[in-house]
1. Modelled with pLDDT of 95 or more and surrounded by 18 or more Cβ atoms within 10 Å (Cβ to Cβ): which single residue out of Ala96, Ala121 fits that description?
2. Of everything in segment 53-73 that's under 15 Å from the mean Cα position of the chain (by Cα) and open to solvent by 50 Å² or more (accessible area, probe 1.4 Å), which residue is farthest from Cys11 (Cα to Cα)?
3. Among the candidates Asp116, Asp88, single out the residue that is at pLDDT 95 or above, open to solvent by 80 Å² or more (accessible area, probe 1.4 Å) and under 18 Å from Met32 (Cβ atoms).
4. Working carefully through the options Cys28, Cys11, find the one that is over 30 Å from Ala128 (Cα atoms) and in contact (Cβ under 8 Å) with a residue 24 or more places away in the chain.
5. Cβ contacts < 7 Å: first residue over 29 Å from Ala19 (Cβ atoms), restricted to segment 101-126; second residue open to solvent by less than 80 Å² (accessible area, probe 1.4 Å) and among the polar types (S, T, N, Q), any location; separation 6+ or different chain. Result?
6. Within segment 90-118, which residues are out of contact with any Leu (no Cβ under 8 Å at 6 or more places or on another chain) and part of a loop (DSSP other than H, G, I, E, B)?
7. If you go through segment 27-52, how many residues are in a strand (DSSP E or B), open to solvent by 20 Å² or more (accessible area, probe 1.4 Å) and closer than 17 Å to Arg104 by Cβ?
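The values are calculated or read from the model by the stated rules, or taken from the named source; none is laboratory data. The shown structure was predicted, so the numbers you read here are calculated from the model rather than taken from an experiment. All Cβ positions, even for glycine, are placed from backbone atoms using ideal geometry, and neighbour counts span all protein chains on display. What goes into the accessible areas is simple: the full protein's heavy atoms, side chains included, and nothing from ligands, DNA or RNA. Shrake-Rupley method; radii C 1.70, N 1.55, O 1.52, S 1.80 Å.
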Amino acid sequence: MPEMHTGSCLCGAVSFEVAGALPPPDACHCRMCRRWSGHCFASTDVPKAALTVRGEEALAWFPSSEKVRRGFCVRCGSSLFWDPPARDWIAVAMGAFDVPTGTRLKKHIFTADQGDYYDIADGLPQDAG
């Protein structure tokens, strides 16, 4: 039986399962991710075929660019998914997973856009983006 990871939004209206080990996540510090999530957005990229979503009636998608849409719960507002529809993978918010996740942050991306109210001091690789 494959490894299974579960998670949900804050209110539980949207839940999900990911089959298989979670790849190491990254933390995105770009302006859009910071505004969407309220800080940096840590996510792991999983194959779309490995993701099962329940409560899709409470899941809404915001097209934040021509190439990406962002999924969130319409009831509680939780930021859950970052989806490039043309790709075979989807980014799932690390904060929405039940613990343990069995993975660790691998890098920071778009650090040139990070907020001025925090430092990135964990020693992980940084990509100014």
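1. On the way: Ala121 fails: surrounded by 18 or more Cβ atoms within 10 Å (Cβ to Cβ).
Among Ala96, Ala121, only Ala96 is modelled with pLDDT of 95 or more and surrounded by 18 or more Cβ atoms within 10 Å (Cβ to Cβ).
2. By that ranking, first place goes to Arg69.
3. Details: Asp88 fails: under 18 Å from Met32 (Cβ atoms).
Just one listed residue meets the conditions, Asp116.
4. None of the others qualify; the one that does is Cys11.
5. Ile120/Thr111; Ile120/Gln114; Gln126/Thr111
6. Asp98, Val99, Pro100, Arg104, Phe110, Gln114, Gly115, Asp116, Tyr117, Tyr118
7. The number of residues fulfilling the criteria is 2.
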